[in-house]
1. Can you pull out every residue in region 152-169 that is over 18 Å from Trp8 (Cα atoms) and open to solvent by less than 40 Å² (accessible area, probe 1.4 Å)?
2. For region 30-51, which residues satisfy the criterion of being open to solvent by 30 Å² or more (accessible area, probe 1.4 Å) and either among the polar types (S, T, N, Q) or touching a helix residue (DSSP H, G or I) at 6+ places or on another chain (Cβ under 8 Å) (or both)?
3. Within region 203-233, can you find the residues that are among the small types (Gly, Ala, Ser), without any contact (Cβ under 8 Å) to a residue 40 or more places away in the chain and not in a helix (DSSP H, G or I)?
4. Quick test for you: out of Ala90, Ala79, Ala109, pick the one residue that is among the aliphatic types (A, V, I, L, M), open to solvent by less than 90 Å² (accessible area, probe 1.4 Å) and over 23 Å from the mean Cα position of the chain (by Cα).
5. Can you tell me which residue among Asp68, Asp148, Asp72 is closer than 20 Å to Arg185 by Cβ, surrounded by fewer than 18 Cβ atoms within 10 Å (Cβ to Cβ) and touching a residue at least 24 places away in the same chain (Cβ under 8 Å)?
6. Can you find a residue that is part of a helix (DSSP H, G or I), closer than 27 Å to Leu138 by Cβ and within 16 Å of the ligand (Cβ to nearest atom) anywhere in region 55-70?
7. Could you tell me whether region 180-198 includes any residue that is within 12 Å of the ligand (Cβ to nearest atom), touching a Leu at 6+ places or on another chain (Cβ under 9 Å) and open to solvent by 20 Å² or more (accessible area, probe 1.4 Å)?
8. Within region 126-137, does at least one residue satisfy the condition of being away from the ligand (no atom under 15 Å from the Cβ) and open to solvent by less than 70 Å² (accessible area, probe 1.4 Å)?
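The values are calculated or read from the model by the stated rules, or taken from the named source; none is laboratory data. Here the structure is a predicted model, which is why all the values come from computation and not from measurement. Positions of Cβ are backbone-derived with ideal geometry, glycine not excepted, and every protein chain shown enters the neighbour counts. Each accessible area value is taken on the protein alone, full model and side chains, heavy atoms only, with ligands, DNA and RNA left out. Shrake-Rupley method; radii C 1.70, N 1.55, O 1.52, S 1.80 Å.
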Amino acid sequence: MQRQARQWRRDGVAVGLVPTMGYLHAGHLSLVARARRSVGARGKVVVSLYVNPTQFGPGEDLSRYPRDLSRDRTLCREAGVDALFLPTDAAMYPGREQGDYSTFVVEEALSQGMEGASRPTHFRGVTTIVAKLFNLVLPEVAVFGAKDFQQAAVIRRMTRDLNFPLRVIVAPTIREPDGLALSSRNAYLSPEERAQAGVLREACLLARQAVKEAGDAGLPAAQLKRRVSACIGRKPAAHLDYVEFFDPETLRPRRRVERGSHMALAVRVGSTRLIDNASMNED
Ligand code: PAF
């Protein structure tokens, strides 16, 4: 991959990277389309597909993460992807089996709350693998989905702090008709759970409406959190992990929520953990 990427660089060909863990859906394909728009017809779009073990905690869904390589290949071909990069564990983490892989990339501020608090080693795994992908694919642009709002912020920060010579693009979340954000993990949901999973979006819209009605004064985060929690609680299969209101740039929690604040939440629906987020601006 790196040899090919260096050749493209020498030839003046722009490269756009879409990092994924596979089991592709329309959300991923929208990232591919965004990468193509950025690099143009002469550029190369690379999709990496790697279920990165270091971003899964003990007891998380690494071993059962959904996989369908032949379908992913077909979808990439149909979407005009130039290269599907499928690194092995041995290539990405040499020596890890023997316990002598020892270099990680850690972002120390934006990664602390929310997903970082619920999944303490998650972002260390994400920043490490994304840095490695940047070094292997040498892209001019890399495209990530807005569903993982905190991940996108952490990656932007890492890119800035480590001087990676590329532009990070964050593309909008693609949703099902009931508002459920597309995610490979939606495949875990039973029909009953799937029918209740739209509640994440419902909770985001409820909060946005409340912020809109509060006008310039805004309203206390604690009060909004109670309303979100009650909304989630109305679905028997759904259990709120966290909901947070914060500044979209710094990710610092806000005690008073106003237009321009951002909201993120994680909810377990049955045994599936889903996340979503929304701006508290009316849009
Ligand atoms: O968002 C994902 O699918 C993963 O976290 C990523 C960015 C591909 C890193 O493994």
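1. Across region 152-169, the qualifying residues are Ala152, Ala153, Val154, Ile155, Met158, Thr159, Val168, Ile169.
2. Matches in region 30-51: Ser30, Ser38, Lys44.
3. none
4. After ruling out the rest, the residue left standing is Ala90.
5. On inspection, the qualifying residue turns out to be Asp68.
6. Yes, region 55-70 contains at least one residue that is part of a helix (DSSP H, G or I), closer than 27 Å to Leu138 by Cβ and within 16 Å of the ligand (Cβ to nearest atom).
7. Checking region 180-198: at least one residue is within 12 Å of the ligand (Cβ to nearest atom), touching a Leu at 6+ places or on another chain (Cβ under 9 Å) and open to solvent by 20 Å² or more (accessible area, probe 1.4 Å).
8. There is no residue in region 126-137 that is away from the ligand (no atom under 15 Å from the Cβ) and open to solvent by less than 70 Å² (accessible area, probe 1.4 Å).
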